[in-house]
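The values are calculated or read from the model by the stated rules, or taken from the named source; none is laboratory data. What you see is a predicted model, and the numbers here were worked out from it, not measured in a lab. Glycine gets a Cβ as well: all are built from the backbone with ideal geometry, and neighbour counts include every protein chain shown.
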Amino acid sequence: MGIFYDAASHGFYDPAIAPPPAGAVEITAEAHASLLAAQASGMRIVADADGRPRAVAPPPPSLATLKAEASAELARISAQMAAPFTSGIDMAEMAAWPIKEAAARAVIAGAADAAQTAMIADEAALTGETAAALAALIVERADAMRSAVARLSGERRRVSALIAAAADATAVEAAMTEAGLARDAFLAALTAGA
């Protein structure tokens, strides 16, 4: 005796375990195994006009789903682009960057107050640099970061607009290709400038 498929419940029944519902159709164990393998590979099991099970491709995701998935992927790509600047740095240190930059600029301009001078001098003492050299390095990195953030933000906003305007799956895919190319170019430029 084979396995039974019930179109109403979309279920398979083994009569050795439980009786199948009225109207269920019998299939071979091989057909059952083939259907389960197809389901495991992403196909759906549905009933044909006679109530027999068959494997069919799932419907394509909606445009809204594709856009949501693309937006999530864009967030991951943006994080990859930001990683060279933020990887391994805790939020407290990042939050202090503008203060540190202002102190470094003030040291360079000869207009630093006591707290700004101490901030730069204390770090310089720990790293073995002069306060002037450290201040110059901080300003250089801050300027590079500002430029990179502008490009990163611009690319993210540009691709977000492409995703939002996409009228079909092909346009969403094209927007994500743009995002990947932008990431690759951005990271290559950072590597070349390093």
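Determine, yes or no, whether residue 135 is outside the structural domain of residue 21 (by TED's automatic domain parsing), surrounded by 12 or more Cβ atoms within 10 Å (Cβ to Cβ), touching a Lys or Arg at 6+ places or on another chain (Cβ under 9 Å) and modelled with pLDDT of 95 or more.
Working: outside the structural domain of residue 21 (by TED's automatic domain parsing): yes; surrounded by 12 or more Cβ atoms within 10 Å (Cβ to Cβ): yes; touching a Lys or Arg at 6+ places or on another chain (Cβ under 9 Å): yes; modelled with pLDDT of 95 or more: yes.
Answer is yes for this residue.
Are there any pairs with C-beta distances below 8 angstrom linking a residue in the stretch 63-85 that is over 15 Å from residue 190 (Cα atoms) and modelled with pLDDT of 90 or more to a residue that is among the acidic types (Asp, Glu) and loosely packed, with under 15 Cβ neighbours inside 10 Å, with the two at least 6 apart or on different chains, and if so which? That search, which allows pairs on different chains as well, returns 63/168. Quick check: is even one residue across the stretch 144-164 in contact with a Pro (Cβ under 7 Å, 6 or more places away or on another chain), in a helix (DSSP H, G or I) and within 30 Å of residue 67 (Cβ to Cβ)? No - not one qualifying residue is present in the stretch 144-164.
Would you check which residues across the stretch 22-41 are under 38 Å from the mean Cα position of the chain (by Cα) and surrounded by fewer than 10 Cβ atoms within 10 Å (Cβ to Cβ) and list them? Before the answer, list the steps.
Here is the first cut: in the stretch 22-41, the residues under 38 Å from the mean Cα position of the chain (by Cα) are 32-41.
Those that are under 38 Å from the mean Cα position of the chain (by Cα) and surrounded by fewer than 10 Cβ atoms within 10 Å (Cβ to Cβ): 40, 41.
Tell me yes or no: at least one residue of the stretch 73-92 is within 33 Å of the chain's Cα centre (by Cα), outside the structural domain of residue 176 (by TED's automatic domain parsing) and of a type in the set (Ser, Thr, Tyr). No. Using the structure shown, decide if residue 33 is closer than 11 Å to residue 5 by Cα and of a type outside the set (Phe, Trp, Tyr). No. Checking the conditions here, which among 98, 61 is surrounded by 11 or more Cβ atoms within 10 Å (Cβ to Cβ) and on the phi < 0 side of the Ramachandran plot? None of the other options fit; the residue is 61. Within the stretch 55-113, being closer than 20 Å to residue 169 by Cα and of a type in the set (A, V, I, L, M) holds for 57, 63, 64, 66, 68, 70, 72, 74, 75, 77.
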